[in-house]
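Working notes for the structure below.
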Amino acid sequence: MARPDARAIFDAVVAIRRRKLPDPAVIGNAGSFFKNPVVSREEHQALLARCPSLVGYPQPNGSVKLAAGWLIEAVGLKGVTRGRAGVYEKQALVLVNRGGATGAEILAMAREVQEKVAQAFGVRLEPEPVIV
């Protein structure tokens, strides 16, 4: 099998992102809104005992990075809309402006996501964009 060149890899990554992420020219968004949280190996084991399908990625230092999108989807918020703000239906990490949402509405949606994930898993999601 031939090794792909840099252009082929770029094209593949762009195609994947287009399938999962909304076009900002069509629906307002800041891309991935939450960072993937990192937990200790022990916390990860405890969460796995409760949720065997939990997605996590071992880190070199022994901690485990959890998939924030999986956590958001697991609490039932993927595709949910509150007023004019919502969680994107194709990628739970993305908060979207369905048209005319204020910053306060987006932040309220973000807080709801954070609260539900914390209640269900004891994990705090941190926003990725800088909020001013």
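Quick look at the numbers
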read-out: From ALA120, ALA110, residue being touching a Phe, Trp or Tyr at 6+ places or on another chain (Cβ under 7 Å) and modelled with pLDDT of 95 or more; value: ALA110
read-out: Pairs with Cβ under 6 Å, 6+ apart, first in segment 39-54 and under 13 Å from VAL123 (Cα atoms), second open to solvent by less than 30 Å² (accessible area, probe 1.4 Å) and part of a helix (DSSP H, G or I); value: LEU54/LEU47
read-out: Hey, LYS78 basic (Lys, Arg), closer than 18 Å to PHE121 by Cβ and either at pLDDT 95 or above or within 14 Å of the chain's Cα centre (by Cα) (or both) or not; value: yes
read-out: Search result, residues across segment 94-132 that are in a loop (DSSP other than H, G, I, E, B), over 22 Å from ARG50 (Cα atoms) and either of a type outside the set (D, E, K, R) or more than 11 Å from the chain's Cα centre (by Cα) (or both); value: ARG98, GLY99, GLY100, ALA101, THR102, PRO129, VAL130, ILE131, VAL132
read-out: Selection status of GLU73, open to solvent by 40 Å² or more (accessible area, probe 1.4 Å) and not in a loop (DSSP other than H, G, I, E, B); value: yes
read-out: Within segment 81-93, considering residues that are small (Gly, Ala, Ser) and either touching a Leu at 6+ places or on another chain (Cβ under 6 Å) or part of a loop (DSSP other than H, G, I, E, B) (or both), the one farthest from PRO127 (Cα to Cα); value: GLY83
read-out: Hits in segment 110-131 - residues which are over 24 Å from LEU47 (Cβ atoms) and either touching a strand residue (DSSP E or B) at 6+ places or on another chain (Cβ under 9 Å) or touching a residue at least 40 places away in the same chain (Cβ under 8 Å) (or both); value: PRO129
read-out: Extreme residue, most open to solvent (accessible area, probe 1.4 Å), among residues of segment 89-110 that are touching a helix residue (DSSP H, G or I) at 6+ places or on another chain (Cβ under 9 Å) and under 13 Å from TRP70 (Cα atoms); value: LYS90
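The values are calculated or read from the model by the stated rules, or taken from the named source; none is laboratory data. Please read all numbers here as calculations on a predicted model, not as lab measurements. Counting neighbours? That spans all protein chains shown, and the Cβs are built from the backbone with ideal geometry, glycine included. Areas reflect the complete protein model, heavy atoms only, side chains present, ligands, DNA and RNA absent. Shrake-Rupley method; radii C 1.70, N 1.55, O 1.52, S 1.80 Å.
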